[in-house]
1. Here are the criteria: (1) open to solvent by less than 50 Å² (accessible area, probe 1.4 Å); (2) of a type in the set (S, T, N, Q); (3) within 13 Å of ligand 1 (Cβ to nearest atom). Tell me which single one ASN208 does not satisfy.
2. Residue check: is VAL183 in contact (Cβ under 8 Å) with a residue 24 or more places away in the chain and farther than 17 Å from ALA57 by Cβ?
3. For segment 219-230, enumerate the residues that are in contact with a helix residue (DSSP H, G or I) (Cβ under 9 Å, 6 or more places away or on another chain) and more than 8 Å from ligand 2 (Cβ to nearest atom).
4. Could you say whether any residue in segment 220-240 is near ligand 1 (Cβ under 6 Å from one of its atoms), hydrophobic (A, V, I, L, M, F, W, C) and closer than 21 Å to CYS168 by Cα?
5. For segment 83-97, which positions are assigned to a loop (DSSP other than H, G, I, E, B) and either surrounded by 13 or more Cβ atoms within 10 Å (Cβ to Cβ) or in contact with a Phe, Trp or Tyr (Cβ under 8 Å, 6 or more places away or on another chain) (or both)?
6. So PRO216 clears everything in (1) modelled with pLDDT of 95 or more; (2) within 21 Å of the chain's Cα centre (by Cα) except one condition, right? Which one?
7. Looking for whichever is free of Cβ contacts under 8 Å to residues at least 12 places away in the same chain, within 9 Å of ligand 2 (Cβ to nearest atom) and part of a loop (DSSP other than H, G, I, E, B) here; the options are ASP155, ASP240, ASP235. Which one fits?
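The values are calculated or read from the model by the stated rules, or taken from the named source; none is laboratory data. Please read these numbers as outputs of a predicted model, since none were measured by experiment. Counting neighbours? That spans all protein chains shown, and the Cβs are built from the backbone with ideal geometry, glycine included. To get the accessible areas, we keep the full protein, side chains included, count just its heavy atoms, and leave off ligands, DNA and RNA. Shrake-Rupley method; radii C 1.70, N 1.55, O 1.52, S 1.80 Å.
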Amino acid sequence: MQLTRREAFSAAGIAAGVCILSSCAPAERKSTQSETGRDMVPWPYHELDPETTAERAYHYHYDGHCMYGVFKGIVWQLAERYGEPYRSFPCSMMTYGAGGVASWGSLCGALNGAAAVIALFASAREQQVSLTSQVFLWYEQAELPVYVPVRPRLDMPMPGSVARSVLCHPSVALWSKASGYPVAGKEHMERCARLTADTARRTVIVLNERVSGQAPRSMIADPQVGRCNACHGRDGEQKDVLGRMACGSCHTSLSDRHPDTLATAPNSL
Ligand code: HEC
Ligand code: HEC
């Protein structure tokens with residue numbers, strides 16, 4: 001087959017692209033021991049003090065926002081105490097989570113940071129899911145923030161609110177409604193810094209419990225989620241929904257066609 005110059009060039013381009021992804025030069029690409037070590041999770045976790053962690057995360061929030069605050073507030077204590085591999089972690093990549101990822105208002109960055117920390121330190125997938133769920137459920141249900149900084153950047157009485165969601169958008173909107181403060185103002189930043197401290201503290205509590213072999217405190221999932229998923233979840237009749245977020249935070253009413261069982265159930269929508 002005759003290739004034109006352009007075709008030959010693009011074929012080579014594709015081949016070159018493949019080289020980057022897979023291995024064209026096995027000898028060169030073979031990782032050294034330390035590279036392999038760094039790429040492997042879990043990394044060892046050492047118990048941390050929840051209050052110190054909260055204060056750290058609070059101040060880091062002012063450097064790189066919520067996800068960075070939680071992540072660095074935890075990982076950097078280990079870096080200072082133990083050096084590598086913690087010290088080489090590029091914590092600043094975690095700034096992407098600010099405002100629910102690049103201000104999209106999706107997953108709250110503090111929770112994104114918590115989930116990343118847990119993924120770094122939890123061994124099995126089930127453990128990762130269980131620890132992450134403990135932090136997420138707490139966040140959905142708690143009135144936040146509660147943390148009062150030792151050295152506040154902005155000294156103010158801080159109104160709290162319940163997000164009923166793990167998403168940045170409702171979390172911020174409900175706080176703005178409860179407090180009367182606008183988004184992106186200095187009060188909002190202070191609120192998210194304190195919320196970051198609360199989330200870092202909760203993450204460390206959950207990790208410490210795991211390390212000390214304590215039974216995890218049982219978080220009660222929103223009972224509605226289980227009820228809805230009994231029909232809509234993967235084991236239900238409908239099998240059309242994937243998720244554990246509080247259903248009622250978005251589905252505030254259902255159509256008249258919706259099965260009656262729900263309408264008559266206690267605590268239904
Ligand atoms: C007893 C089983 C069952 C339970 C429990 C249930 N659903 Fe449904 N749901 C259905 C069925 C069946 C349909 C399809 C109805 C239709 O044909 O329109 C449906 C439809 C829906 C729809 C589509 C729009 C509408 O309003 O009909 C939404 C949204 C929905 N369910 C949300 C929920 C939520 C949220 C919960 C929990 C609060 C829930 N469902 C609990 C069976 C159930
Ligand atoms: C963050 C908001 C949000 C949450 C939380 C949420 N949903 Fe939804 N859900 C939506 C949106 C948006 C759609 C798209 C269709 C629509 O507009 O109804 C949808 C669609 C659905 C549908 C299909 C509706 C249809 O018309 O056929 C069902 C069923 C449903 N959700 C059930 C649930 C259940 C059960 C939960 C809890 C486990 C849940 N949802 C949590 C926002 C949400």
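1. With (1) open to solvent by less than 50 Å² (accessible area, probe 1.4 Å); (2) of a type in the set (S, T, N, Q); (3) within 13 Å of ligand 1 (Cβ to nearest atom) applied to ASN208, the lone miss is (3).
2. Working: in contact (Cβ under 8 Å) with a residue 24 or more places away in the chain: no; farther than 17 Å from ALA57 by Cβ: yes.
Taking the combined requirement at face value, the residue does not satisfy it.
3. From segment 219-230, those in contact with a helix residue (DSSP H, G or I) (Cβ under 9 Å, 6 or more places away or on another chain) are 219-222, 224-225, 227-229; that's our starting set.
Answer for segment 219-230, where residues must be in contact with a helix residue (DSSP H, G or I) (Cβ under 9 Å, 6 or more places away or on another chain) and more than 8 Å from ligand 2 (Cβ to nearest atom): MET219, ILE220, ALA221, ASP222, ARG227.
4. In the first step, residues of segment 220-240 are kept if they are near ligand 1 (Cβ under 6 Å from one of its atoms); the result is 224, 227-228, 230-232, 238.
Going one step further and asking which of them are hydrophobic (A, V, I, L, M, F, W, C), we end up with 228, 230-231.
Now narrow it down to the ones that are closer than 21 Å to CYS168 by Cα: none.
There is no residue in segment 220-240 that is near ligand 1 (Cβ under 6 Å from one of its atoms), hydrophobic (A, V, I, L, M, F, W, C) and closer than 21 Å to CYS168 by Cα.
5. Filtering segment 83-97 down to residues assigned to a loop (DSSP other than H, G, I, E, B) leaves 83-85, 89-90.
Across segment 83-97, the qualifying residues are PRO85, PHE89.
6. (1)
7. On the way: ASP155 fails: within 9 Å of ligand 2 (Cβ to nearest atom); ASP235 fails: within 9 Å of ligand 2 (Cβ to nearest atom).
Sole residue among the options that is free of Cβ contacts under 8 Å to residues at least 12 places away in the same chain, within 9 Å of ligand 2 (Cβ to nearest atom) and part of a loop (DSSP other than H, G, I, E, B): ASP240.
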